[in-house]
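The next block holds one structure in the form of structure tokens; read it before the comments.
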Amino acid sequence: MLDQLQRAAFGYFLQTMNPANGLIADTSRGQSPCSIAVVGFALSSYPVAVERGWMTRADALHRSLSVLRFFHDSDQSGSSEATGFKGFYYHFLDMQTGARVWRSELSMIDTALLIAGMLTAGRYFMGNSADESELRRLVDALYRRVDWRWAQHDGKTINHGWKPESGFLHYCWDGYSEAIVLYVLALGSPTYPIEPDCYHAWTATYQWENLYGYDVLYAGPLFVHQFSHAWIDFRGIRDRFMREKRSDYFENSRRATEVQREYARRNPQGFSGYDEQCWGLTACDGPTHQLPELANERRRLFGYAARGVPYGPDDGTLAGWAALASLPFAPEAAWSAARQMLQRYPEMLSDRQYASSFNPTLARADRSAWVSAGHFGLDQGIVVMMIENHRTELIWRLMRDCPSVGAGLRRAGFRGGWL
């Protein structure tokens, strides 16, 4: 069953890739643009598919090279219709041309997830053939092109993004989030490294709490505790903050999983379905009053939002994939919940892939839960990678050998363990 779920999730990348340039759609819905972060997940998932016999190495190499060549040759002028600027890329791109769409921001975190995927590919394709050598040259050039210092914009921490119409956004990466991988890649850059003070300024904004008896570095949505961990093995390595707390980020994610389970068991708002076997509050699609069938719903609905515990927002919407993506941290609890939720709400799977979310409180006349339409690439990618890290540690092993990741972690002050 685990293999089936992982393979089905990987199928998303085959179904939504543009063969002309290797770009991957944000969602399976019609007219979806490319999400650069989803491309990062795809690049990291191709090695998994090769090792599991789902695709040939030649096919994975071809797909990876296609998208790396696209980004290498893309418009970096920073104009409103370019692909990127200063080595960063706009959050959403046209699937055909690669031009910016939706007036999206030049995204620092999404670029980091893309670069992490590129580095994963670079560590996997280590052969001597001309194509694999070209792949590594492209990865190196694209990583070196990112001007991480510019993204600080004279601030203490890294800015969220930039737009050609208005410049830098008015907020930075403050507070614990999925941005560890962003800071690590910025610190490890061979060309434009940020200073360690920037990372320490970020950790100074952390919020340490005791929730339901668990001492935990707070972040409400579950994906925050998963995304950076998809690439970096945080077991046993600690920065200054975690040394002082006598914990590490992997243990923190385990505790965050337990907090999710306890919140669902207590179910303070009385939503249907919640219990310790049915949880997964995270960033996901969700019901909205704009849907015709929910236009008269009196409860507040949030649409796509970063749902979290214990402070919300929470409208009864859960993500089945989020529980499964916690498999490396809490194998028994995560797998038990994933199976239970699938038994209770099989409608959360369509074409064997997880929907972004489901909501049992908004049950239809046939008592089935409300389910988000289509599939989202980020959800499928984290499922592929975290199942693989649980099974073989493949992604973790590749990135443990990535010199830039090691350098970035050490400059952030991480010590111990495999480092």
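The values are calculated or read from the model by the stated rules, or taken from the named source; none is laboratory data. Owing to the predicted nature of the structure, the values given are computational and were not obtained by experimental measurement. Reconstructed Cβ throughout: ideal geometry from the backbone, glycine too, with neighbour counts over all protein chains shown. These accessible areas exclude ligands, DNA and RNA; they are computed on the full protein's heavy atoms, side chains included. Shrake-Rupley method; radii C 1.70, N 1.55, O 1.52, S 1.80 Å.
Scanning the stretch 117-136 for residues that are open to solvent by 20 Å² or more (accessible area, probe 1.4 Å) and either in a helix (DSSP H, G or I) or aromatic (Phe, Trp, Tyr) (or both) turns up ARG123, TYR124, ALA130, ASP131, SER133, GLU134, ARG136. Could we say that LEU301 is of a type in the set (A, V, I, L, M, F, W, C), surrounded by 15 or more Cβ atoms within 10 Å (Cβ to Cβ), assigned to a loop (DSSP other than H, G, I, E, B) and in contact with an Asp or Glu (Cβ under 8 Å, 6 or more places away or on another chain) here? For LEU301, the condition - of a type in the set (A, V, I, L, M, F, W, C), surrounded by 15 or more Cβ atoms within 10 Å (Cβ to Cβ), assigned to a loop (DSSP other than H, G, I, E, B) and in contact with an Asp or Glu (Cβ under 8 Å, 6 or more places away or on another chain) - is met. Taking the criterion of being surrounded by 24 or more Cβ atoms within 10 Å (Cβ to Cβ) and either under 15 Å from the mean Cα position of the chain (by Cα) or on the phi > 0 side of the Ramachandran plot (or both), the only residue of the stretch 14-24 that qualifies is ILE24.
Scanning the stretch 31-76 for residues that are surrounded by 24 or more Cβ atoms within 10 Å (Cβ to Cβ), out of contact with any His (no Cβ under 7 Å at 6 or more places or on another chain) and either of a type in the set (Val, Ile, Thr) or over 22 Å from ILE382 (Cβ atoms) (or both) yields VAL38, VAL39, VAL48, VAL67.
Show the residue pairs that are 6+ apart or on different chains and have beta-carbon atoms under 6 Å apart, the first residue being within the stretch 29-42 and assigned to a strand (DSSP E or B), the second being open to solvent by 10 Å² or more (accessible area, probe 1.4 Å) and acidic (Asp, Glu). So the pair list comes out as SER35/ASP26. For the stretch 392-410, a residue qualifies if it is surrounded by fewer than 19 Cβ atoms within 10 Å (Cβ to Cβ) and over 19 Å from the mean Cα position of the chain (by Cα), and the qualifying residues are THR392, ASP401, PRO403, GLY406, ALA407, ARG410. Being surrounded by fewer than 24 Cβ atoms within 10 Å (Cβ to Cβ), modelled with pLDDT of 95 or more and in contact with a strand residue (DSSP E or B) (Cβ under 6 Å, 6 or more places away or on another chain) is a property that ARG255 has. Scanning the stretch 77-116 for residues that are open to solvent by 10 Å² or more (accessible area, probe 1.4 Å), touching a residue at least 24 places away in the same chain (Cβ under 8 Å) and part of a strand (DSSP E or B) yields PHE85, PHE92.
Does ALA201 satisfy being touching a residue at least 24 places away in the same chain (Cβ under 8 Å), within 26 Å of PRO403 (Cα to Cα) and in contact with a helix residue (DSSP H, G or I) (Cβ under 8 Å, 6 or more places away or on another chain)? For ALA201, the condition - touching a residue at least 24 places away in the same chain (Cβ under 8 Å), within 26 Å of PRO403 (Cα to Cα) and in contact with a helix residue (DSSP H, G or I) (Cβ under 8 Å, 6 or more places away or on another chain) - is not met. Can you find a residue that is on the phi > 0 side of the Ramachandran plot, over 17 Å from the mean Cα position of the chain (by Cα), open to solvent by less than 10 Å² (accessible area, probe 1.4 Å) and in contact (Cβ under 8 Å) with a residue 24 or more places away in the chain anywhere in the stretch 315-328? Taking every residue of the stretch 315-328 in turn, at least one turns out to be on the phi > 0 side of the Ramachandran plot, over 17 Å from the mean Cα position of the chain (by Cα), open to solvent by less than 10 Å² (accessible area, probe 1.4 Å) and in contact (Cβ under 8 Å) with a residue 24 or more places away in the chain. One residue alone among ALA58, ALA25, ALA82 is touching a Cys at 6+ places or on another chain (Cβ under 8 Å) and small (Gly, Ala, Ser), and that residue is ALA25. Hey, any hits in the stretch 261-278 for a residue that's touching a residue at least 60 places away in the same chain (Cβ under 8 Å) and either of a type in the set (Val, Ile, Thr) or open to solvent by less than 10 Å² (accessible area, probe 1.4 Å) (or both)? Looking for residues that are touching a residue at least 60 places away in the same chain (Cβ under 8 Å) and either of a type in the set (Val, Ile, Thr) or open to solvent by less than 10 Å² (accessible area, probe 1.4 Å) (or both), one finds at least one in the stretch 261-278, hence yes.
Would it be correct to say that VAL309 is more than 22 Å from ARG255 (Cβ to Cβ) and either of a type in the set (Val, Ile, Thr) or touching a residue at least 60 places away in the same chain (Cβ under 8 Å) (or both)? Against the criterion (more than 22 Å from ARG255 (Cβ to Cβ) and either of a type in the set (Val, Ile, Thr) or touching a residue at least 60 places away in the same chain (Cβ under 8 Å) (or both)), VAL309 does not qualify. Spot the failing condition for GLY175; the list is (1) at pLDDT 95 or above; (2) closer than 21 Å to ASP110 by Cβ; (3) not aromatic (Phe, Trp, Tyr), and only one is missed. Just one mismatch for GLY175, condition (1). Taking the numbered list (1) in contact (Cβ under 8 Å) with a residue 24 or more places away in the chain; (2) under 25 Å from MET126 (Cβ atoms); (3) open to solvent by 10 Å² or more (accessible area, probe 1.4 Å) in turn, MET1 passes all entries but (2). Quick check, is GLU293 assigned to a helix (DSSP H, G or I) and either of a type in the set (Asp, Glu) or within 24 Å of ALA116 (Cα to Cα) (or both)? Yes, satisfied.
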